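A short write-up of the structure that comes next.
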Amino acid sequence: MKNLTYSQQINQKNILKLRELRGELPKFLSSYFIGVDHVLASRTKIAYAIDLKTFFEYIKASNPVYRDKKICDFELDCLSSLTFTDMNEYMEYLKFYRTAEGKMVTNNERAIKRKMAAVRSMYNFFHKSEAIFVNPAAQVDMPRLHDKAIVRLDVNEIADLLDAVESGNTLSDAQRRFHEKNKRRDLALLTLMLGTGIRVSECVGLDLIDLDFNNDRIKIVRKGGYEAFVYFGDEVREALEAYLEEREEIEEIVPGHENALFLSSRKQRITVRSVENLVKKYARTITVMKNITPHKLRSTYGTALYQQTGDIYLVADVLGHKDVNTTRKHYAAIEEERRRMAKDKVILRKDK
């Protein structure tokens, strides 16, 4: 795995994880996962496998016919045996249940909809291929999702956050011990995320060779596995250059991590969890009302870009949204404000 890129390494790990999960699922699902191989991302397939395991555990627990069978021995006809009522009962079950391992799980409407998406995908595949002739999963109404308020940093909070990273004044005594050692890295990382809107997975996956200062851009691997260029401004450039001066002095980097742009204190590629923790650490010092995560930094950038340009298609392209409606859904409130402002822009008659 030494010569593989970060995204290739992650993909290999996901493939191995999926194989492990498939061993716990009915054997007939092999054709399903092969069929959706080029449609779903590797992480999505893992999530679907986990959710389908929950589905078959429910069948095993609720139906006496399957109670004494191993899930891996279930036959395809178990799908045909379920009805519209069974599907609705399963959705009710998903609200609160105990796993086979004894863990209690509570799901909100979004989690239930996500888990039902896996069941629907499976049923649609076998129904479309005419392996089954009933599709009760397509008949049930999915949970109605309530809009969530979009959390983002305002202009002053962005400045306060970057000031907190630069000075460390708002940190605790324990946090300050590590601050001086990592502040250039943290400032470069947060400035890059706030200045480009890239995902945290895209950020940690960056290698040194992905930086192109001649064109002020980075090459990233987007969700779905395709490569894209994202451009950055002067503030990002300055923060990256300052960090790279320090990055060049780091010795004894863990083998296999020599090319990683952002390194942890252990001298290996920084992880998604570590970035989540450092964002939380600094954000808590400047706002207690907002739960700021790396994704909220992405929303902050998207909001700022849309406010400056008014171009929803540009925002969708820069953020890597395949469907502009996804972008529009996230920034609908801003669009509503722009429409409200439009009422005074066109004057029909001048004052006499």
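Below, the figures for the structure above:
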item	result
Between helix 84-93 and the chain: long-axis angle, C-alpha atoms, 0 to 90°, nearest 10	50 degrees
The chain: angle of helix 42-62 to the longest principal axis, Cα-based, in degrees nearest 10	40 degrees
Check: segment 118-228 dipole with +1 on Lys, Arg Cβ and -1 on Asp, Glu Cβ, in debye	360 debye
J(HN,Hα) series, segment 228-240, from Karplus relation 6.51 cos²θ - 1.76 cosθ + 1.60, nearest Hz, glycine and proline x	8, 9, 10, 9, 10, x, 4, 4, 5, 4, 4, 5, 5
Positive-end extreme of charge dipole, the chain - chosen from GLY23, HIS257, TYR243 (charges on Cβ)	GLY23
Estimated inter-spin distance, ARG176 and ASN108, nm [label 7 Å along Cα→Cβ]	3.7 nm
Of all accessible heavy-atom area on segment 208-342, the percent that carbon and sulfur account for (1.4 Å)	47 percent
16 Å cut-off, amide nitrogen to a point 7 angstrom out along GLU241 Cα→Cβ, residues in segment 174-202	188, 192
Label-point separation in nm, LEU208 to THR5, each point 7 Å along Cα→Cβ	1.8 nm
Accessible surface of segment 126-207 [probe 1.4 Å, protein heavy atoms]: carbon and sulfur percent	49 percent
Extension gain from GLU252 to ASP163, taking 0.36 nm per residue of separation minus the Cα-Cα distance	29.0 nm
ASN156 versus ASP216: modelled label distance in nm, points set 7 Å from Cα along the beta carbon direction	2.9 nm
The chain - charge dipole about Cα centre, Lys and Arg +1 at Cβ, Asp and Glu -1, debye rounded to 20	1040 debye
Relative contact order of the chain, pairs being alpha-carbon contacts under 8 Å that are 6 or more residues apart, as %	14 percent
Residues ASP323 and SER30, FRET efficiency given R0 of 35 Å [Cβ-Cβ distance, rounded to 0.05]	0.70
Protection-proxy order for peptides 67-73, 116-122, each taking the mean of Cβ atoms within 10 Å per residue, highest first	116-122, 67-73
Linear extension gain, ASP73 paired with THR271, 0.36 nm per residue minus alpha-carbon span	67.5 nm
For segment 5-106, accessible area per residue (1.4 Å probe, heavy atoms of protein chains only), Å²	58 Å²
Rounded to the nearest 20 debye, dipole of segment 247-332 from Cβ charges on Lys, Arg, Asp, Glu	580 debye
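The values are calculated or read from the model by the stated rules, or taken from the named source; none is laboratory data. Since the structure is predicted, the reported quantities are computational estimates derived from the model, not experimental observations. Please note: Cβ atoms are built from the backbone with ideal geometry, for glycine as well, and neighbour counts cover all protein chains shown. Each accessible area value is taken on the protein alone, full model and side chains, heavy atoms only, with ligands, DNA and RNA left out. Shrake-Rupley method; radii C 1.70, N 1.55, O 1.52, S 1.80 Å.
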